1. Which pairs have Cβ atoms under 8 Å, sit 6 or more apart or on different chains, and link a residue in region 180-199 that is more than 28 Å from residue 128 (Cα to Cα) to one that is modelled with pLDDT under 85 and surrounded by 10 or more Cβ atoms within 10 Å (Cβ to Cβ)?
2. Test each condition in (1) farther than 22 Å from residue 163 by Cα; (2) part of a helix (DSSP H, G or I) for residue 74 and report the one that comes out false.
3. Quick check on this structure: which one of 139, 82 is touching a helix residue (DSSP H, G or I) at 6+ places or on another chain (Cβ under 9 Å), surrounded by 14 or more Cβ atoms within 10 Å (Cβ to Cβ) and within 24 Å of residue 4 (Cβ to Cβ)?
4. Out of (1) at pLDDT 80 or above; (2) out of contact with any strand residue (DSSP E or B) (no Cβ under 9 Å at 6 or more places or on another chain), what's the single condition that is false for residue 268?
5. Search region 110-125 for residues being in contact (Cβ under 8 Å) with a residue 12 or more places away in the chain and within 39 Å of the chain's Cα centre (by Cα), and hand back the single one that is nearest to residue 146 (Cα to Cα).
6. How many residues does region 299-314 contain that are over 21 Å from residue 341 (Cα atoms) and either at pLDDT 85 or above or surrounded by fewer than 19 Cβ atoms within 10 Å (Cβ to Cβ) (or both)?
7. So which pairs qualify, if the first residue must be in region 227-239 and in contact (Cβ under 8 Å) with a residue 60 or more places away in the chain, the second must be surrounded by fewer than 11 Cβ atoms within 10 Å (Cβ to Cβ) and part of a helix (DSSP H, G or I), the Cβ gap must be under 6 Å, and the two must be at least 6 apart or on different chains?
8. Looking only at residues in region 339-367 that are farther than 15 Å from residue 395 by Cβ and modelled with pLDDT under 90, which one is surrounded by the fewest Cβ atoms within 10 Å (Cβ to Cβ)?
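The values are calculated or read from the model by the stated rules, or taken from the named source; none is laboratory data. On a predicted model such as this, the values are computed, not experimentally measured, just so you know. Here the Cβ positions follow ideal geometry from the backbone for every residue, glycine too, while neighbour counts run over all protein chains shown.
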């Protein structure tokens, strides 16, 4: 049973190598692999089978070359290439009767499996596995017949186990694993596609809802404006309401477009301290309305690269949310810290806070903690702008304590300062 022992060891090595191959493809599933790389892998596998073959006689080499030949021929369609590779590699170990038998067996096989390849992939997975095992069995049987013609001294029972049972078992295990791997990959793609469609449906429904409300109101007042006897004062009031509703609808669309693809006309130097002060000035009336006191602690310097308008939009949303989270008043603290690598902006409120579930969903499209008063677009836009400016955002919150938001941007050296350094 020497051949059987050797074949069991070879099969174990082949299965382990293919297992690591599957792991590699799973890890790099987003990187396409070429047919040439797979061909090279199977040629190396064939060389390993022949190099470490069991050869009790000078002209006989017993190995499991059948397995890579069948898998590569049927699943990848490189049967003729692998056949030529086996014949070439086998010739390096001597031109003898074993070499001629190899040519006689594999040349017809290479042509046959090449013709079968298109038909093979039209079959269901279970049938593909059955065809692979049957092909392996036929090759093994023909190999045994050739060995008996040579009247080798090996045990006939040993050859039966080694060439009919072990390769067929190995092919069955490997093809089942391949089919399982492909089925999982297909299911994953279908799941991703379904999730994308679900997200698009939810987004479309939310956008439709948010836009329909102001448009419905505007449409109603437009109908009222068609009254020829409507007083001028009422006409002006209705026109103002129509304008506000249209601006509201435009804002929803603009926020969605900002989230989908933040369009930065140009990147420029941003003085974080100055931009934050201007943003705070915009929100002072809202802060007074909510009885919120704004406390600032800005570092002397701090420059980042980005779009000033988007930067202000981002922090208007953050500060506005923080103020509205304190309906009974409180303190809004804004701190900036400067280091050689980063500029950190910390926004801390003493508001209602968020639950872990709310915190986990923060930034999701159309999710709002404000209920009917929020569209769910504000924080979505914030996350999108920060990501587009190569920044990072971290949020911590506790119910009854408040929320702390840290936004970290890469530091840049201002152009004016760099010019002075060069001159000095």
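1. Here the result reads 199/365, each pair linking region 180-199 to a residue that is modelled with pLDDT under 85 and surrounded by 10 or more Cβ atoms within 10 Å (Cβ to Cβ).
2. Answer for residue 74: the failing condition is (1).
3. Working: 82 fails: within 24 Å of residue 4 (Cβ to Cβ).
Of the residues listed, the single one that is touching a helix residue (DSSP H, G or I) at 6+ places or on another chain (Cβ under 9 Å), surrounded by 14 or more Cβ atoms within 10 Å (Cβ to Cβ) and within 24 Å of residue 4 (Cβ to Cβ) is 139.
4. Failed condition: (2).
5. 110
6. Qualifying residue count for the region: 3.
7. If the second residue must be surrounded by fewer than 11 Cβ atoms within 10 Å (Cβ to Cβ) and part of a helix (DSSP H, G or I), no pairs are left.
8. The residue in question is 340.
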